[in-house]
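These notes are about the structure you will find just below.
The values are calculated or read from the model by the stated rules, or taken from the named source; none is laboratory data. Since the structure is predicted, the reported quantities are computational estimates derived from the model, not experimental observations. Ideal geometry is used to build each Cβ from the backbone, glycine not excepted, and the neighbour counts take in all protein chains shown. We work out accessible area using only protein heavy atoms, side chains counted, and drop any ligands, DNA or RNA first. Shrake-Rupley method; radii C 1.70, N 1.55, O 1.52, S 1.80 Å.
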Amino acid sequence: MDIRERILKGDKRACARLITMIENNNEEAIDILKELYKNTGNAYVVGITGPPGAGKSTLTDKLTKELRKLNKKVGIVAIDPTSPFSGGAILGDRIRMNDLSLDKDVFIRSMGTRGSLGGMSNSTWGAVKVLDIFGCDYIFIETVGVGQSEVDIVKTADTVLMVMVPNLGDDIQAIKAGIMEIADVFSINKSDLDGADKTKVEIEMNLDLNEQKDYRPPVVKVSAGQNKGIDTLLEKILEHRDYLERTDKLKEIRTRNNKLELLKMVEEDLMKIILDKAVKEDLLENLGKKITSKETDPYSAKDEIIALIRK
Amino acid sequence: MDKPIRVLVAKPGLDGHDRGAKVIARALRDAGMEVIYTGLRQTPEQIVAAAIQEDVDAIGMSILSGAHNHLFPKVVNLLKEQGVDDVLIVGGGVIPEDDIPFLIESGVEAVFTPGTPTKDVVDFITNNLKR
């Protein structure tokens with residue numbers, strides 16, 4: 001049977017293979033996605049982000065179990081960093097989700113960032129489309145552990161869940177720009193630990209300073225390890241979905257995200273064309289050495305490359 | 001770097017010793033592979049389900065409990081039942097020499113015992129992929 005039919009019928013192997021093809025920039029996979037694109041749009045995409053070790057995977061596991069009680073089909077894309085040196089990676093998010101492996105209506109895929117820096121991998125967009133076509137009602141994208149500025153998730157997800165933990169820093173951290181600005185729902189995980197209330201107050205105080213709109217991100221204390229507060233958290237995520245759908249903002253967000261994805265793809269292809277044409281590795285090496293020995297300066301070297309591209 | 005080899009590293013069965021599995025996972029990572037580490041106490045069914053969803057090129061299993069003669073072939077057979085025939089399966093751990101021929105015959109393509117240089121494992125996987 002053709003891979004297209006198999007995937008529409010919910011065949012996990014076909015789904016897995018198509019994601020691999022996307023990850024490896026296989027052109028046939030792109031053709032398949034072009035053809036099946038009309039089958040996307042049913043899945044609701046929730047991005048889960050937060051610092052390393054905050055409990056994103058464990059929380060994803062528990063939220064998925066909660067959605068399974070509602071008989072929803074769930075896809076999970078879990079991203080971990082790729083080594084900038086060897087290109088290898090340890091993808092360890094599945095460890096927290098092992099008892100979901102055998103659920104026929106759950107599909108988990110681990111991905112390495114493969115050079116991308118925004119907390120996701122470039123293939124995440126494609127993988128989400130595949131899972132959507134595969135028939136998932138909800139898709140969780142779990143980012144790599146993020147620091148302060150990896151905000152790419154907001155360009156992909158309908159709802160962004162920020163997973164915080166108590167005692168990571170003081171209230172100055174809460175008012176900084178970057179990842180604290182992109183959350184639609186905050187959860188404070190490991191809230192059985194001391195300091196959870198203080199962290200909650202700090203986030204709430206920061207939210208008080210936002211321009212007050214018709215939606216204010218809720219801050220939910222949970223403990224994924226102890227399975228506490230998960231039902232409330234899911235409720236808040238679904239409330240955000242409801243808000244977006246009621247106000248037609250979901251369409252706005254998806255259009256914005258589609259534009260960003262489009263731009264990113266064009267940029268990638270352009271870079272490839274340009275680099276292939278003009279910037280050969282030996283040229284780069286040469287100019288690098290010349291800059292070090294002060295034979296030239298970085299700005300003139302740049303002009304030299306641009307002149308080559310213009311030719 | 002375009003197409004890294006994907007390997008599932010798993011600990012089937014009940015022993016709780018994963019130091020060896022972690023050392024191997026780290027060596028495969030350093031060789032440029034993507035290692036999906038699933039951790040301790042996996043059933044053969046879970047390992048096969050994970051291998052399918054992750055679409056891995058190889059599965060590496062580590063056992064120190066003595067249950068290898070039961071668990072390794074079980075994984076091989078479950079994969080066959082699902083029609084998966086393009087995944088390389090290797091095993092390792094404290095495995096008596098006498099058991100190795102049986103395991104190889106069952107479809108485990110290599111068995112690595114204590115003292116194996118990690119480079120041997122990397123080389124074997126790299127050179128014996130089925131796709």
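Ordering A:Gly195, A:Leu100, A:Pro51 by Cα displacement along the dipole of chain A toward the positive end leaves A:Leu100 in first place; charges were set at the Cβ atoms of Lys, Arg (+1) and Asp, Glu (-1). What's the angle, to the nearest 10 degrees (0 to 90), between helix A:196-208's Cα axis and the longest principal axis of chain A? Its long axis makes an angle of about 70 degrees.
Relative to the longest principal axis of the Cα atoms of chain A, helix A:249-277 runs at roughly 20 degrees. Over the residues of chain A, the helix contribution to mean residue ellipticity at 222 nm works out to -14500 deg cm²/dmol, using -39500 (n - 2.57) for each DSSP H run of at least 4.
Could you work out the percent of alpha carbon pairs in region B:35-90 separated by over 16 Å, rounded to a whole number? Everything past 16 Å amounts to 34 percent.
Backbone amide hydrogens, once placed in the peptide plane, bring A:Lys221 within less than 5 Å of A:Ile188, excluding anything fewer than 5 places away on its chain. Taking the longest Cα principal axis of chain A as reference, the axis of helix A:27-36 is set at about 40 degrees. Positive-end ranking of A:Leu287, A:Thr232, A:Leu244 along the dipole of region A:192-311, with charges on Cβ about the Cα centre, is headed by A:Leu287. Taking the Cα centre of the protein assembly as shown as origin and assigning +1 to Lys and Arg Cβ atoms and -1 to Asp and Glu Cβ atoms, the resulting dipole is close to 440 debye.
Amide H contacts under 5 Å for A:Thr296: A:Ile291, restricted to partners 5 or more places along the chain or on a different chain, H placed in the peptide plane at 1.01 Å from N. Computed over region B:6-127, relative contact order equals 27 percent, with contacts defined as Cα pairs under 8 Å that lie 6+ residues apart.
Per residue of A:80-88, count partner chain C-beta atoms within 10 Å of its C-beta, then hand back the mean as an integer. Show your work: numbers first, answer last.
On the way: counts 4, 0, 5, 4, 0, 2, 8, 9, 15.
Neighbouring Cβ atoms belonging to other protein chains average 5 per residue here.
Helices in chain B that qualify as membrane-span-like (whole DSSP H runs, Cα extent of at least 27 Å along the helix axis, mean Kyte-Doolittle hydropathy of -1.0 or higher) do not occur. Label-to-label distance, A:Leu284 versus A:Glu5, with points set 7 angstrom from Cα along the beta-carbon direction: 4.5 nm. Hydrodynamic estimate: the Kirkwood radius of region A:3-247 over Cα pairs, inserted into Stokes-Einstein at 20 °C and 1.002 mPa s, corresponds to D of 116 µm²/s.
Listed by chain and number, the lysines placed with their C-alpha closer than 18 angstrom to that of B:Lys130 are B:Lys3, B:Lys80; residues fewer than eight positions away on the same chain are left out. Packing, as the average of other Cβ atoms within 10 Å across residues, places the peptides A:57-64, A:249-256 in the order A:57-64, A:249-256, highest first.
With 20 Å as the limit on Cα-Cα distance, the pairs of A:Lys200/A:Lys228; A:Lys272/A:Lys302; A:Lys69/A:Lys251; A:Lys73/A:Lys259; A:Lys38/A:Lys62 that go past it are A:Lys69/A:Lys251; A:Lys73/A:Lys259; A:Lys38/A:Lys62.
Lysines within cross-link reach of B:Lys11: Cα-Cα under 18 Å, excluding same-chain residues under 8 positions apart? Correct list for B:Lys11: B:Lys22, B:Lys74.
The portion of the accessible surface of region B:27-85 made up by carbon and sulfur, rounded to a whole percent, is 47 (1.4 Å probe; DNA, RNA and ligands excluded).
Close amide-amide hydrogen proximity is noted between A:Ala89 and A:Ser83, B:Met33, B:Glu34, B:Val35, each under 5 Å apart and 5 or more residues distant or on a separate chain (H modeled in the peptide plane; Pro and chain starts excluded). Average accessible surface for region A:3-247: 41 Å² per residue, computed with a 1.4 Å probe over protein heavy atoms with every protein chain in place. Charges were assigned to the Cβ only: +1 to each Lys and Arg, -1 to each Asp and Glu. The resulting dipole of region B:6-127 about its Cα centre is roughly 480 debye. Interface of B with A. Using a 1.4 Å probe and counting protein heavy atoms only, the two chains hide about 2500 Å² of accessible surface, both sides summed.
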